[in-house]
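Everything below concerns the one structure shown next.
The values are calculated or read from the model by the stated rules, or taken from the named source; none is laboratory data. Here the structure is a predicted model, which is why all the values come from computation and not from measurement. Note that we place each Cβ from the backbone using ideal geometry, even for glycine, and neighbour counts take in every protein chain shown. The protein model used for the area step is the full one, side chains on, heavy atoms only, and it has no ligands, DNA or RNA in it. Shrake-Rupley method; radii C 1.70, N 1.55, O 1.52, S 1.80 Å.
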Amino acid sequence: MQHATVGASGIEVSRIALGTATFGLSPREDDVAALVGAARDLGVTCFDTANSYGNQPGYDWPGVTRRQDRASSEELLGRALRGAGDEVVVATKVGEPVGEGRPTSEWRGLLTRAHVEEQLAVSRARLGRERIDLYYAHLPDPWTPLEETVSVFSDLVDRGDIGAWGLSNYTGEQTAEVLATAAALGAHPPVVHQPRYHLADRAVERDLVPVLHRAGMGLAAYSPLGMGLLAGRAAAERRWAGHARWGGSGFSAAEVEAAGRFEATAASVGLPAAQAAIAWLLDRQAVTTVVVGATSEKHLRLACAAADVELDDAGRSVLDAVDLGTPARVAGA
Ligand SMILES: NC(=O)c1ccc[n+]([C@@H]2O[C@H](COP(=O)([O-])OP(=O)(O)OC[C@H]3O[C@@H](n4cnc5c(N)ncnc54)[C@H](OP(=O)(O)O)[C@@H]3O)[C@@H](O)[C@H]2O)c1
């Protein structure tokens, strides 16, 4: 497994990171430790979670254990990584709504000093780790002054409670604003950004990547398979692929067709679809690590094998030029 350094932080991560958003559902609670163990055996050292993953209402798929009875993703990951210490890099996030009965109109102030400090304590306890290696602002919080948000993350670095901090789902303009605020305050800047980035949604290349490049920030790409769209036609047809994973609906017929076209394109360069999609991302200069949603050892093996693929110019051009009809819901959601 190859490794890369996250921006100027000195933090080393495996180029494949294991995402844990659906821990407790897929994989089920009893299978989490085996999946995490398999990931470590394959050389994965970076694990991505959030205070909102696993037992929130959006993940109440029919047939799964009630969320009140499910452990959070952070708890499950914490248990599976017990004793791993500095051998692994754990990233978690704050900024999505957590808890019961909070209507959308009350999703405010999720990056205030008080909420960030409170939620960091929750995450540290669940993960059983004194220090969180990478701590992300999960979403921009337009209701809290940026100075307050930047200051609290920077103070957490100074206190040694976190190794470094990052942003997720901020636009290029919002990221530049955060960086300018950190510079004005003399605060620690974010070192990494986690955007949605995959072959069917390349919007970040225009908007965000130039900002990250100028700032020397790392990029951790999430949903590298477009939530299943780029894992082949059969994967796109599965019940919990696409937005169904996060409480929405599955892929449309047009998207399933696009998945089939991509599978054929990947085969033309000699790769299974999921491997081609991940290898393409790892080949992008801006990408530090790819946060995969593999939920079985089989998927994980395929994802990790992508880190060993060296795309040649011809393969790169074929994948670069693939026309997925950019299904609007995948591209713009
Ligand atoms: N920062 C954010 O706002 C944010 C948002 C979304 C996600 N994330 C992070 O990114 C991680 C991954 O996101 P994602 O789940 O959308 O990623 P993804 O890898 O794009 O999609 C996962 C989907 O692909 C399927 N799949 C994975 N490997 C496969 C393979 N080899 N063959 C066939 N199908 C395969 C999975 O099927 P199965 O269901 O059968 O496993 C699932 O349907 C999350 O766990 C989370 O850590 C972050």
Considering only residues that are surrounded by fewer than 21 Cβ atoms within 10 Å (Cβ to Cβ) and within 16 Å of the ligand (Cβ to nearest atom), which ones fall in the stretch 174-189?
GLN174
Within the stretch 190-232, can you find the residues that are open to solvent by 10 Å² or more (accessible area, probe 1.4 Å) and among the hydroxyl-bearing types (Ser, Thr, Tyr)?
TYR222, SER223
Being of a type outside the set (D, E, K, R) and open to solvent by 20 Å² or more (accessible area, probe 1.4 Å) narrows it down to one residue among GLY83, GLY78; which is it?
GLY83
Residues that are surrounded by 22 or more Cβ atoms within 10 Å (Cβ to Cβ), away from the ligand (no atom under 12 Å from the Cβ), among the hydrophobic types (A, V, I, L, M, F, W, C) and modelled with pLDDT of 90 or more: does the stretch 289-304 have at least one?
no
Collect the residues in the stretch 234-245 that are near the ligand (Cβ under 10 Å from one of its atoms) and more than 21 Å from SER52 (Cβ to Cβ), keeping them in residue-number order.
ALA234, ALA235, ALA236, ARG238, ARG239
Flag if LEU156 is within 16 Å of LYS93 (Cβ to Cβ) and in contact with a Ser or Thr (Cβ under 8 Å, 6 or more places away or on another chain):
no
Of the residues ARG126, ARG113, ARG159, only one is open to solvent by 60 Å² or more (accessible area, probe 1.4 Å), within 16 Å of the ligand (Cβ to nearest atom), modelled with pLDDT of 95 or more and not acidic (Asp, Glu); which?
ARG126
Could you look through the stretch 86-101, keep only residues that are farther than 18 Å from GLY163 by Cα and more than 16 Å from the ligand (Cβ to nearest atom), and pick out the one that is surrounded by the fewest Cβ atoms within 10 Å (Cβ to Cβ)?
GLY101
What tally of residues in the stretch 228-249 results from selecting those that are closer than 16 Å to LYS298 by Cβ, under 18 Å from the mean Cα position of the chain (by Cα) and at pLDDT 85 or above?
2
For the stretch 10-30, does any single residue satisfy the condition of being over 18 Å from the mean Cα position of the chain (by Cα), assigned to a helix (DSSP H, G or I) and either within 12 Å of the ligand (Cβ to nearest atom) or of a type outside the set (A, V, I, L, M) (or both)?
yes
Selection over the stretch 246-262 where residues are surrounded by 22 or more Cβ atoms within 10 Å (Cβ to Cβ), within 11 Å of the ligand (Cβ to nearest atom) and assigned to a helix (DSSP H, G or I) yields a count of 1
Index of the failed condition, ARG316 passing every other in (1) surrounded by 23 or more Cβ atoms within 10 Å (Cβ to Cβ); (2) more than 13 Å from the ligand (Cβ to nearest atom); (3) closer than 30 Å to ALA176 by Cβ
(1)
Limited to the stretch 43-57, what total is found for residues that are more than 12 Å from the ligand (Cβ to nearest atom), in a loop (DSSP other than H, G, I, E, B) and open to solvent by 10 Å² or more (accessible area, probe 1.4 Å)?
4
